[in-house]
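Nothing in this text is a laboratory measurement; each read-out follows from the coordinates by a stated rule. These numbers were taken from a predicted model, which means no experiment stands behind them. Positions of Cβ are generated from backbone atoms using ideal geometry, with glycine treated the same way; all protein chains shown enter the neighbour counts.
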Amino acid sequence: MKKPKNLIKEIENFQPFNEQEEIDKNLYLKALKKNKDVLSRNDEVLHFTASAVVVDEDMKQMLFVYHLLYKNWIYPGGHADGECDLLSVARREVEEETGLKVESLNNGEMLAIQALPVTSHIRRGKYVSAHTHYDVLYIFIAKNGDKDKIRKLETENSGVKWVDIKDIDNLESPDWLSPVLDKVKDKLKV
């Protein structure tokens, strides 16, 4: 696999919001420059992933999926699986997991980054060791007329729903999600 020059440049241009993002940015760049398998699942320690905050046109609701592995409500996302264009990965994951066609906001720039822990689990009958997701988060908008077209993806989630942004703190979600959502709300000024 070739070095992902465009992704490296995108991360180099990313302006960290806080100390966590500054530290994670440096980790991401080291990984991309040194590890040829980092965009695949072949690396046993870390995987690059892309996720999506999907909001409605009024910026009042956010889309969540009930993830089968995490057994909690989270935003859509998934593994890069060799793809260097993480914005496309995030968009694809939204469409696969929810059925929605979405448009990127913020000129397709990264909204946030965060290294997230993943516990060991069984995936499609095979053991997967604990590892870290080097996640890149983008923001997308769904047309209000399309909001009721959501559907679940049985292999990944058992539910999809819109949640008022003011109520997301009450959502049943993994411990790691709360600080990410706080950061997102700060960045979106909601």
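Give me a comma-separated list of calculated 3J(HN,Hα) values for the range 109-123, in order, Karplus coefficients 6.51, -1.76, 1.60 applied at θ = phi - 60°, integers in Hz, x for any Gly or Pro.
With the stated coefficients, the range 109-123 comes to 6, 4, 8, 7, 9, 6, 7, 10, x, 10, 6, 4, 7, 9, 10 Hz.
Can you give me the Cα centroid spacing of the range 104-176 and the range 26-49 in angstrom?
So the two Cα centres are separated by 20 Å.
Would you grab the residues whose amide H sits under 5 Å from the one on GLY99? Only those 5+ places off in sequence or on another chain, please, with H modelled 1.01 Å from N.
ARG151
Please give the contour-minus-distance gain from ARG124 to LYS34: 0.36 nm per residue of separation, less the Cα-Cα distance, rounded to one decimal in nm. Mind showing how you got there, number by number?
Numbers: separation 90, 0.36 × 90 = 32.40 nm, distance 2.96 nm.
Using 0.36 nm per residue and subtracting the Cα-Cα distance, I get 29.4 nm.
Report the relative contact order of the range 5-188, percent, no decimals, based on alpha-carbon pairs under 8 angstrom and at least 6 residues apart.
Numbers: 339 pairs, mean separation 48.8, N = 184.
Relative CO of the range 5-188 lands at 27 percent.
Quick check for me: using +1 on Lys/Arg Cβ and -1 on Asp/Glu Cβ, what's the dipole size of the range 22-167 about its Cα centre, in debye to the nearest 20?
Values: 21 positive and 24 negative charges, 80 e Å.
About 380 debye.
Given H placed 1.01 Å from N in the peptide plane, which residues other than close sequence neighbours of VAL136 have an amide H under 5 Å from its amide H?
THR49, ALA50, SER51
How tilted is helix 19-34 with respect to the longest principal axis of the chain? Cα atoms for both, answer in degrees (0 to 90, nearest 10).
That helix lies at roughly 50 degrees to the long axis.
So how do TYR66, TYR134, TYR127 line up by other beta-carbon neighbours within 10 Å, fewest first?
On the way: TYR66 18, TYR134 25, TYR127 8.
Arranged by neighbour count, lowest to highest, TYR66, TYR134, TYR127 become TYR127, TYR66, TYR134.
For the Cα atoms of the chain, what angle does the longest principal axis make with the long axis of helix 86-98, in degrees from 0 to 90, nearest 10?
40 degrees
Which percent, to the nearest 5, of DSSP beta bridges fully inside the chain are antiparallel?
On the way: 25 of 36 bridges.
In the chain, DSSP labels about 70 percent of beta bridges as antiparallel.
When a footprinting reagent is the concern and you count Cβ atoms within 10 Å, what order do MET59, MET110 take, fewest first? Present the calculation step by step, with values, prior to reporting the outcome.
Working: MET59 14, MET110 21.
Least to most surrounded, the residues fall as MET59, MET110.
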